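S.K.: Have a look at the structure that comes next, please.
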Amino acid sequence: MQTPAHIRATKACTFVNQKCWEDNKIWKRDALERSKHLTDDCFTIRCDIFVTKGPACSAPLMVLPPPGIHENFGDLLRNKEGADVVFEVGGVTFPVHRCVLAARSTVFKAQLFGSAADGAASSTIRIDNMEANVFKALLVFIYTDSLPEMEGGDGDDEKEDEREPEEGDEEESAEGDREDGEEIEDQGESAEGDEDNETEEGSQEEDGSQVDDDNEDPEAERVMLQNLLVAADKYNLERLKLICGDRLGAYVDVNKVTTLLVLAEQYRCSELKEVCMEFFKSLENLKKVMADDGLEHVTRTCPSVLKELLAKFASTV
């Protein structure tokens, strides 16, 4: 390798993302012209580049933990520390915090702090026409912005609830199941849809509330989601209603599509309604539903939906 006659500099340079790198002070012009290296007005520049590795980057000194506010508020709900109001639902009491409920729901805010705060000063506020496990799931969402595991029925959930009455639990549970059946009929749940599941293995209670000891019951989960959607609409929890509607979309089939369509129409769940409407775009699906008189429920409950359904079907013909 030829030894250079003149060395301008030896230093480390950091190259950045740019088009070129230059040094405008390599050699003085008059010195170059007098040197022997200039031949026929030409000279050669040799540039040796050595790429060196910078200091190794060690692992970050501090790893930030994930946000824990949801977990903290979940602990607040479970521990009941500082609770200042009690709700009674289906014979089960729920000590909660007024400010948390009011911050998450405008309906609770009006009930607990506004002009409509009738009974808010009392020690216990009673809510009728709702199951205890539905209200518990509602509270979990209010405190943590997420849904609990859908186990369906009242199996393990009731063990976690603080039940004040110690006697007559079985009678209250039976009354809660009957109230659930009546509530779902009022919401357009349709007893016809649930009758199809009465032939499943194992003894199944009214409206699919029976849960298999080993496996989760999808029918019970569907009913739970429907009731939770109704509760979300009642307390103006739009995000919860959207989540329930999205999950219920997975249950749209020949047996349940009319029930879910009526539910979506009654409680203004446009996403779920659209899923049901898309289901009817298939002529085969429409024939199967009509063969079982499935549209009779829609005709009785929401006749206006039939016009939309016909228009939807006509667009595919």
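FYI, it's all coordinate maths here, none of it is from the lab. Not measured: the values here are computed from a predicted model. Cβ coordinates were reconstructed from backbone atoms using ideal geometry, including for glycine residues, and neighbour counts include every protein chain displayed.
S.K.: Using the Karplus curve 6.51 cos²θ - 1.76 cosθ + 1.60 with θ = phi - 60°, what ³J(HN,Hα) values do you get for each residue of region 124-132, in whole Hz, with x for Gly and Pro?
M.R.: 9, 10, 9, 10, 9, 6, 8, 7, 5
S.K.: Once phi is turned into ³J(HN,Hα) by the Karplus curve 6.51 cos²θ - 1.76 cosθ + 1.60 with θ = phi - 60°, what whole-Hz value does each residue of region 89-101 show in order, with x for glycine and proline?
M.R.: My calculation for region 89-101 gives 9, x, x, 10, 9, 10, x, 9, 10, 4, 5, 5, 5 Hz in order.
S.K.: What does the extension gain come out to for residue 300 and residue 34, with contour length at 0.36 nm per residue minus their alpha carbon separation? Walk me through the numbers on the way to the answer.
M.R.: Numbers: separation 266, 0.36 × 266 = 95.76 nm, distance 10.67 nm.
Going from the current span to full extension adds 85.1 nm.
S.K.: Neighbour counts of other C-beta atoms within 10 Å: give me 269, 302, 47 arranged from fewest to most. Working shown, then result.
M.R.: Details: 269 24, 302 19, 47 6.
Least crowded to most crowded, the residues run 47, 302, 269.
S.K.: Let me ask something else. What value in Å³ per residue do you get for the convex hull of the alpha-carbon atoms in region 252-317?
M.R.: Spelled out: Cα convex hull of region 252-317, divided by residues, is 68 Å³.
S.K.: Please give, to one decimal in nm, the separation of the simple spin-label points placed at residue 41 and residue 113, each 7 Å out from Cα toward the Cβ.
M.R.: 8.6
S.K.: Which distance in nm do the two modelled labels at residue 274 and residue 234 give, with both placed 7 Å along the Cα-to-Cβ direction?
M.R.: 2.8
S.K.: Using alpha-carbon pairs under 8 Å, 6+ residues apart, how would you state the relative contact order of region 252-317 in percent?
M.R.: Values: 50 pairs, mean separation 23.9, N = 66.
Across region 252-317, relative contact order equals 36 percent.
S.K.: Can I ask one more? Please find the FRET efficiency linking residue 106 to residue 287, where r is the Cβ-Cβ separation and R0 is fixed at 41 Å, and quote it to the nearest 0.05. Before the final figure, lay out the partial values.
M.R.: Numbers: r = 44 Å, r/R0 = 1.08.
The computed FRET efficiency comes out at 0.40.
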